[in-house]
Amino acid sequence: METDDGVMETGDSTDVVIRRAADADAAAAAEVWIASYGVALPSVRRAHGDDEVRAWFRELVVPHRETWVAVAGDAVVGVMVLDGDELDQLYLAPPWQRRGLGGRFVALAKERRPEGLSLWTFEVNTPARAFYERHGFVAAERTDGTGNEEREPDVRYVWRRAEGA
């Protein structure tokens, strides 16, 4: 549940707080993205270098998108970005993966967009695809990658709240 100051109350014993990102979080959020991408997608060519990713987070993502961060102590360990009805980014620092934090981000995204969500993930990212499918997303479209900067085949997933839920 979100409090008035934009902090997600988690009730989780890991003491990780999910809250809206502030401008001061942009650098740390970019570092999470960079580290996670390198581990999760080692075979996928990155379209932008580290400095470009940092500038993107600083100049566009955090100031202009609905950006959330997961904070453990004083360290940003996860980032999620919503852009309209799209779950645009969801990355966790590698040591924080497979610990339930991604599921908490997805639950927040569904709470924020109860009318539905869509997202893209690379076809080769089998763990991400399985994760989203476990969370009720359904593959709706596949491409050969000519429409993305990485030129990597990808899959669009959609989630719609079940009627009566």
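Coordinate-derived values only; no laboratory data. Worth saying up front: this structure is predicted, and the values here are computed from it rather than measured. With ideal geometry, Cβ positions are generated from the backbone for all residues, glycine too; neighbour counts draw on all protein chains shown.
Give, as ranges by residue number, the residues of the range 146-165 whose backbone N falls under 20 Å from the point 7 Å along Cα→Cβ of residue 133.
The answer is 153-162, whose backbone nitrogens lie closer than 20 Å to the label point.
GNM, the chain, Cα, under 10 Å: largest mean-square fluctuation among 129, 45, 54?
Evaluated over the chain, the most mobile residue of the options is 45.
Starting from the Cα gyration tensor of the range 54-121, multiply each eigenvalue by 5, take the square root, and state the resulting semi-axes largest first in whole Å.
19, 17, 10
Could you check the simple spin-label distance between residue 45 and residue 149, using points 7 Å along Cα→Cβ, in nm with one decimal?
About 1.4 nm separates the two model spin labels.
Under 8 Å for C-alpha pairs, at least 6 residues apart: give me the relative contact order for the range 7-159, rounded to a whole percent.
That works out to 20 percent.
In µm²/s, what is D for the chain at 25 °C and 0.890 mPa s, where D = kT/(6 pi eta Rh) by Stokes-Einstein and Rh is the Kirkwood radius from Cα pairs?
Here the translational diffusion coefficient equals 151 µm²/s.
I'd like the distance separating the alpha-carbon centroids of the range 122-165 and the range 50-91, in whole Å.
Rounded to whole Å, the Cα centres lie 19 Å apart.
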